[in-house]
Structure formats: C-alpha cells, structure tokens
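Below is one structure, written out as structure tokens, with a few remarks after it.
Read-outs throughout are calculated quantities, based only on the coordinates presented, and are distinct from any laboratory measurement. The structure presented is a predicted model; accordingly, all values stated were derived computationally and were not measured. In this analysis, Cβ positions are derived from the backbone assuming ideal geometry, glycine residues included, and neighbour counts consider all displayed protein chains.
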Amino acid sequence: MTRQEIEREVKNVFQREFEIENPDMDADLRETYEFDSIDAIELLLAIETFLGTEITQEEKKQAISIRTINQICDYVEKIAKKRNLFSPA
C-alpha cells in the first residue's frame, strides 16, 4: 500500500463512519469535528480492518497524541512499514 492509498482509505473511513465529507487534513479533530474517545476507538478498529492486522497496546498508546487526519495517516503508514505492508508511491 502507498501513502495515497492510506489517505484515501482514512478519508473513506471518516465519510463512512463519521459522516464527514472532504475532511480538512490538518484540522484538529476534537475542535473541528467534535471527535471524542468513542470515535477514536471506532477509528482504531477501522484501521485494524484496513491493515488486516491487530494494533498492539503500545501502538494504541502512541495514538493518544493524534489530533489531525495527516497525523492519522502518518500513524497508519508507520504501522504499515513496521509490518512490511507499505510500498512507496
């Protein structure tokens, strides 16, 4: 998978799961979209489905500081690279 595929899937998750169309990649999720901890859990489950692998507790802890969709994409890319799922564009 490439960065472009990751970004496309993350945007699809926001549209499908949270009914947010064309989200701003750099907007603060809490302030702009009223994203809460339940939403974060749903997002992590969607990421696990997309990657086809379970996210470890340590990786989940790393997600706590995420505030933007760009940061989510960075996070997914990092996990994908760690599991050799990432291929450069």
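The residue that is farthest from the chain's Cα centre (by Cα), counting only those in the stretch 1-19 that are without any contact (Cβ under 8 Å) to a residue 40 or more places away in the chain and farther than 22 Å from Lys60 by Cβ, is Glu19. When the test is whether a residue is in contact (Cβ under 8 Å) with a residue 24 or more places away in the chain, of a type in the set (Ser, Thr, Tyr) and loosely packed, with under 13 Cβ neighbours inside 10 Å, Ser87 passes it. If you go through the stretch 2-54 and keep only what is within 17 Å of Asn70 (Cβ to Cβ) and touching a Leu at 6+ places or on another chain (Cβ under 7 Å), you end up with Val13, Phe35. Listed by position, the helices (runs of 4 or more DSSP H) enclosed by the stretch 36-89 include none that has at least 2 residues that are over 14 Å from the mean Cα position of the chain (by Cα) and aromatic (Phe, Trp, Tyr).
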